[in-house]
Amino acid sequence: QVQVVESGGGLVQPGGSLRLSCAASGSILRIYAMAWYRQAPGKQRELVATIDSGDSTNYADSVKGRFTISRANAKNTVYLQMNSLKPEDTAVYYCNLDTRTLTIHGPETMDYWGKGTLVTVSP
């Protein structure tokens, strides 16, 4: 059984900062790519940032220069440092993990999502 839990969301004023964390636990053998997505009210889920097993990163144009994704492999954790937050960053943020997991069938490639953490940017 694998659990993926995000934390760090909350209410922040425009221009402020938050750091999101996403920790995975359970029978994970290895995590390949890790990513953050977000879904604003009434909108589709969108990709925010990715980091691969070699620490190469990519960002959505809307967050470049403001957000930083990083990972701690020993902790099976991915972070999203968000600076200079804007009201349009308000959304539920989800992490996604591309993993090699030990299942009842043996090692398998498995994709996991967390349940999300709400970020609200408002005066």
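The values are calculated or read from the model by the stated rules, or taken from the named source; none is laboratory data. In this text, all values refer to a predicted model and were calculated from it rather than measured experimentally. Cβ: placed from backbone, ideal geometry, glycine included. Neighbour counts: every protein chain shown. Ligands, DNA and RNA are stripped out before the accessible areas are found, and what is left, the full protein with its side chains, is counted by its heavy atoms. Shrake-Rupley method; radii C 1.70, N 1.55, O 1.52, S 1.80 Å.
Only strands (runs of 3 or more DSSP E) wholly contained in the stretch 20-95 count here; list those with 2 or more residues that are of a type in the set (S, T, N, Q) and modelled with pLDDT of 95 or more.
Values: elements: 28-39, 46-51, 57-59, 67-72, 77-82.
In the stretch 20-95, 57-59, 67-72, 77-82 are the strands (runs of 3 or more DSSP E) which contain 2 or more residues that are of a type in the set (S, T, N, Q) and modelled with pLDDT of 95 or more.
Filter the stretch 38-49 down to the residues that are without any contact (Cβ under 8 Å) to a residue 60 or more places away in the chain and either open to solvent by less than 60 Å² (accessible area, probe 1.4 Å) or in contact with a Ser or Thr (Cβ under 6 Å, 6 or more places away or on another chain) (or both) and list them by number.
If the condition is that a residue be without any contact (Cβ under 8 Å) to a residue 60 or more places away in the chain and either open to solvent by less than 60 Å² (accessible area, probe 1.4 Å) or in contact with a Ser or Thr (Cβ under 6 Å, 6 or more places away or on another chain) (or both), then A40, V48, A49 are the ones that fit.
Within the stretch 4-17, is there a residue that is aliphatic (A, V, I, L, M), outside any strand (DSSP E or B) and on the phi < 0 side of the Ramachandran plot?
no
Report yes if some residue within the stretch 103-110 is among the β-branched types (V, I, T), surrounded by 15 or more Cβ atoms within 10 Å (Cβ to Cβ) and touching a residue at least 24 places away in the same chain (Cβ under 8 Å); otherwise report no.
No, because not a single residue in the stretch 103-110 is among the β-branched types (V, I, T), surrounded by 15 or more Cβ atoms within 10 Å (Cβ to Cβ) and touching a residue at least 24 places away in the same chain (Cβ under 8 Å).
What number of residues within the stretch 54-80 satisfy the criterion of being in contact with a Lys or Arg (Cβ under 8 Å, 6 or more places away or on another chain) and open to solvent by 60 Å² or more (accessible area, probe 1.4 Å)?
1
Filter the stretch 1-20 down to residues that are open to solvent by 30 Å² or more (accessible area, probe 1.4 Å), within 26 Å of S122 (Cβ to Cβ) and not hydrophobic (A, V, I, L, M, F, W, C), then give me how many there are.
So the count comes out to 8.
Considering only the stretch 100-117, state which residues are among the β-branched types (V, I, T), more than 14 Å from the chain's Cα centre (by Cα) and in a strand (DSSP E or B).
T101, T103, T109, listed by residue number.
Which numbered condition in (1) of a type in the set (D, E); (2) under 14 Å from T120 (Cβ atoms); (3) buried (at least 21 other Cβ atoms within 10 Å of the Cβ) is the only one that E88 fails?
Single failed check for E88: (3).
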